[in-house]
Amino acid sequence: MKEEGFAAAVQPEVQEASAPVVPKEYRFYFGLLVTCFALWGLLNNMTDNLVPSFAKIFMIKAVDSSLVQVAFYGAYAVLALPAAFIIKRYSYRVGVLVGLGFYMIGAFGYIPAAILQSYNLFLVSIFVLAGGLSVLETTCNPFVLSLGDESTSVRRLNFAQAFNPLGSMAGLFLAKYVILSHLNPATLEDRLAMTPEQLTAVRDVELFWVCVPYVGLILIAFIIWCAFFRSKLNDKDAGEEITVREALSRLIHLPRYTFGVVTQFFYVGVQIAVWTWTIKYAMANLHVIEAEAANFYIYSIFLFIGCRWICTWLMKYITPAKMMAVFALGGILCCLGTIYLPIDVSIYCLIGISGCMSLMFPTIYGIALRGLGAEVKFGAAGLIMAILGGAIITPIMGALVDNSTLAFLVGGFTPEQTAIRSAFYLPVLCFAVVLAYSLAFRNVKD
């Protein structure tokens with residue numbers, strides 16, 4: 001596979017119709033890879049709901065429960081570059097096997113974590129599981145591109161990526177109806193009043209249902225693992241040889257790439273932080289329980305998916321960077337509405353933030369990698385490592401909520417409402433970085 005094929009794969013364009021999108025001999029493996037796309041989308045969104053769940057189950061502060069995101073997205077940062085080396089040294093097939101293997105080991109770790117009721121063991125298991133997803137995500141995109149003619153590679157990848165948001169929706173419903181709906185309605189005060197035996201019994205039930213979806217998906221992962229283990233697909237990521245030092249030297253001296261990595265860090269940070277604290281925002285302002293508050297998270301994801309499809313179509317007529325600048329400004333305005341407007345309007349602003357975020361990840365990704373040559377694999381790994389933003393921005397926002405640090409900027413609401421509302425100044429800052437990047441490279445056609 002040529003390097004230019006991977007760099008161009010982030011933006012739809014007219015393809016030749018002569019070659020099949022997925023050749024017959026690759027359709028079985030393509031179907032398995034599509035399942036991987038859905039799998040990491042499902043797990044990403046389901047994990048967001050573990051933050052409020054663990055806060056309630058283990059009776060810990062928001063900043064401590066957000067360590068779930070530190071473990072999850074921190075693993076993405078740690079394993080992305082090793083995944084690039086695995087692809088280069090061995091093959092895409094080995095990358096898939098390693099990624100699925102890490103996922104299964106991490107998911108199995110949920111069982112002793114639940115039995116021992118250990119939050120720290122859950123964090124370790126989440127890190128291992130997410131490490132597998134990082135390897136998968138770094139591997140599967142170029143793997144899909146290699147399964148057929150280069151002239152249809154973009155359509156093939158877009159088709160595979162269409163299953164990622166479907167997995168995200170499945171993750172939301174699993175979280176809502178399997179995890180959140182089985183949380184005991186007892187408040188923190190109620191739990192503090194329980195005897196140790198009563199509290200242990202309540203936690204046993206809650207942690208059992210936390211484990212069910214993660215452990216249940218092991219069977220699907222194992223089937224895919226066996227299929228790839230027995231397959232004879234062993235194509236390496238061929239291309240110009242380049243050392244890590246050479247690649248980094250080229251990338252560091254390309255402002256569009258280095259600023260892109262920084263921007264991706266802040267974008268992923270704002271996405272994960274906003275989605276993580278959506279449920280808490282709804283609970284604090286609407287006085288509803290977790291399962292009901294999760295509905296607003298679901299509405300946000302629906303809007304996110306819809307806007308992504310619309311934006312993809314609009315990019316035929318509008319330069320992506322200019323469109324992203326408009327959406328970044330919209331994100332800032334929605335955040336300010338979430339902070340200051342009455343609840344009957346601010347809740348819609350909260351949902352609207354997701355619509356503004358919809359085009360940002362692939363657009364930043366595309367602009368940063370535009371025109372790269374042999375260094376594109378390491379450049380792509382750097383952008384995956386920028387997902388670390390979700391592990392850093394989210395707990396910072398949690399600390400703002402816990403400490404009401406910016407509460408002096410907001411008035412007219414209860415202390416609990418003021419704490420969560422004022423924390424949305426951090427997303428304003430993140431969107432400002434995206435806006436600056438959009439304007440700096442507004443004429444780059446991805």
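The values are calculated or read from the model by the stated rules, or taken from the named source; none is laboratory data. These numbers come from a predicted model, not from an experiment. Neighbour counts are summed over all protein chains in view; Cβ atoms, including those assigned to glycine, are modelled from backbone coordinates with ideal geometry. Ligands, DNA and RNA are excluded from the accessible area calculation, which covers all protein heavy atoms including side chains. Shrake-Rupley method; radii C 1.70, N 1.55, O 1.52, S 1.80 Å.
Restricting to DSSP loop positions (anything but H, G, I, E, B) with no more than 15 other Cβ atoms inside 10 Å of their own Cβ, which trypsin sites (Lys or Arg not before Pro) remain in the stretch 360-446?
On the way: sites: Arg370, Lys377, Arg421, Arg442, Lys445; in loops: Arg370, Arg442, Lys445.
The qualifying sites are Arg442, Lys445.
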Requested in this report: With runs of 4+ DSSP H residues as the only contributors, calculate the mean residue ellipticity of the chain at 222 nm using -39,500 (n - 2.57) per run, divided by the residue total and rounded to the nearest 500.
Outcome: -24500 deg cm²/dmol
Query raised in the report: For the Cα atoms of the chain, what angle does the longest principal axis make with the long axis of helix 425-440, in degrees from 0 to 90, nearest 10?
Result: 20 degrees
Query raised in the report: Taking all protein chains as present, what is the carbon and sulfur share of the accessible area of the stretch 286-367, in % to the nearest whole number, probe 1.4 Å?
Result: 76 percent
Report task. Treat each spin label as a single point 7 Å out from the Cα along the C-beta direction, and report the Lys316 to Leu333 distance in nm. Result -> 2.7 nm
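Any idea what diffusion coefficient the chain gets from Stokes-Einstein, in µm²/s, Kirkwood Rh on alpha carbon pairs, 10 °C, 1.306 mPa s?
On the way: Rh = 22.4 Å.
Here the translational diffusion coefficient equals 71 µm²/s.
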Requested in this report: Compute the distance in nm between two label points, each set 7 Å from the Cα along the Cα-to-Cβ direction, one at Leu439 and one at Ala186.
Outcome: 5.3 nm
**Report entry** Charged-residue dipole, Cβ positions (Lys, Arg, Asp, Glu), the chain about Cα centre, Debye nearest 20
**Finding:** 800 debye
Requested in this report: Summarise the accessible area of the stretch 387-446 (1.4 Å probe, protein heavy atoms) by the percent that is carbon and sulfur.
Outcome: 67 percent
Report summary line: Debye calc, one equal point scatterer per Cα of the stretch 275-355, no solvent, log10 I(q)/I(0) at q = 0.21, 0.26 1/Å comes to -0.93, -1.21
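What is the gain in length, in nm to one decimal, between Phe85 and Val212 on full extension, counting 0.36 nm per residue of separation less the C-alpha to C-alpha distance?
42.4 nm
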Report summary line: Rounded to the nearest Å, the spacing of the alpha-carbon centers of the stretch 306-345 and the stretch 400-446 is 15 Å
**Report entry** Backbone N within the stretch 385-415 under 11 Å of label point (7 Å from Lys61 Cα along the Cβ vector)
**Finding:** 398-405
**Report entry** Segment Val288-Thr414, length gained on full extension (0.36 nm per residue, minus Cα span)
**Finding:** 43.8 nm
Query raised in the report: Contour minus end-to-end for Ser118 and Asn295, with contour as 0.36 nm per residue of separation and end-to-end as the Cα-Cα distance?
Result: 60.9 nm
Query raised in the report: Roughly what would the spin-label model give for Tyr177 and Thr258, points 7 Å off Cα along C-beta, in nm?
Result: 5.0 nm
Requested in this report: Please work out how many pairs of lysine residues in the chain are eight or more positions apart (or on different chains) and have Cα atoms closer than 27 angstrom.
Outcome: 25
Query raised in the report: Okay, which of the stretch 317-349 sit inside 18 Å, backbone N to the point 7 Å along the Cα-Cβ direction of Ala432?
Result: 325-340
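Not counting the cut sites, what is the longest span of the chain without GluC sites (Glu not before Pro) that DSSP labels loop and that have at most 13 other Cβ atoms within 10 Å? Don't skip to the answer; put the middle values down first.
Numbers: sites that count: Glu13, Glu16, Glu240, Glu241.
Counting at most 13 other Cβ atoms within 10 Å as exposed, the longest clean stretch of the chain is 17-239.
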Query raised in the report: Could you give the radius of gyration (one decimal) and Dmax (whole number) of the Cα atoms in the stretch 345-446, in Å?
Result: 17.1, 56
Query raised in the report: Which value, in Å², gives the accessible area per residue of the chain when a 1.4 Å probe is used on the protein heavy atoms?
Result: 40 Å²
Query raised in the report: At a 1.4 Å probe radius, carbon and sulfur cover how many percent of the accessible area of the stretch 54-116?
Result: 77 percent
